[in-house]
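Encoded as structure tokens, the structure appears first; notes follow it.
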Amino acid sequence: MQLTAALVEYFCECETEVGSWHIFKCTFNTGITDHIALFLKEASEVKKAIGLISSTWPILREDCLRDLVQSGTDACDRAMLWMVASKIDVAILIMNARGLLLRANAAAKAMLDSEQVLHRTCSGIKCVNGAQTKGFVDAIAACASASSSDVETIIFLDSKTASLRVPVTLSRFQHDGAATDLVAVMMPTPPDSRRVEMLARAVGLTPAEARVATLLQMGLSNKDAARVAGLKEQSVSTYAKRVLNKLNVTSRAEMAQMLTWQAAGGRL
């Protein structure tokens, strides 16, 4: 069906120092509604703009839609970026040479909110102590200003609750082949325990076995796991042996590594 503009209405105004963006609502005969933003220097031009939109937007709209269809060849790239940004449990932060956070994916935001390794403050991103914060900021500055554009640095940061240090990869970002002062900070994040338990059940463990496997994956001893799960310590030991047998692994460390690696593929 050919679209014709049935009604063009003035919607709102967004002021700037040099003029204003004026938003118009264009309703078509099919019920479809578009919002069009025009930059106008004078408010007196609004009435003229309404007439212009009525006569030209149906045609311009088709050109815009045609461009969107043609850009579909980039769908694979967009899908990959979407996966990295919202599904992969690797925290990715984009920071400038001064250590200011510019962008963060969903995993990074969750990591910052947990405040286990890095956390937000009014003066920027901080580590668990001042010495590590200084080292972290210095490493970012060095990565952003290095003479070579192909720079990647790995540092280790402490966590508040874990005994292991977390590896953090710093990579200098290039745009159109030229090095920038932007640094991509990438670090692994532990998978959600709910996802680990769900994965354990999906590979054939019973609910009780999956629960014990999840607690052991978190590094708990039989005694601590029994206390959390409300079981006897001997029962936990029995479930643990069954888990190792069903997963065809020989140690709890191997079991934990298997569940952690597979569960880190995405959030539910």
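Bear in mind that the values in this text are calculations on the coordinates, not laboratory data. What you see is a predicted model; the values in this text were computed from it and never measured. Using ideal geometry, Cβ is built from the backbone for each residue, glycine included, and neighbour counts are taken over all protein chains shown.
Of note:
- Cross-link partners of LYS41 among lysines (Cα-Cα below 28 Å; sequence separation of 8 or more within a chain): LYS25
- Spin-label model, LYS241 to ARG120: label points 7 Å out along the Cα-to-beta-carbon direction sit 5.0 nm apart.
- Cross-link table LYS160/LYS241; LYS160/LYS223; LYS109/LYS160, entries beyond 20 Å C-alpha to C-alpha: LYS160/LYS241; LYS160/LYS223
- Listed values for region 230-247 are Karplus-derived 3J(HN,Hα) couplings in whole Hz (6.51 cos²θ - 1.76 cosθ + 1.60, θ = phi - 60°), namely x, 10, 6, 4, 5, 5, 4, 4, 5, 4, 4, 5, 5, 4, 4, 5, 5, 8, and x replaces Gly and Pro.
- Rg/Rh, computed from the Cα trace of region 99-140 with Rh as the Kirkwood radius, has the value 0.94.
- Computed from backbone phi, the HN-Hα couplings of region 118-123 come to 10, 8, 7, 9, 5, 9 Hz, rounded to whole numbers (Karplus: 6.51 cos²θ - 1.76 cosθ + 1.60, θ = phi - 60°; Gly and Pro given as x).
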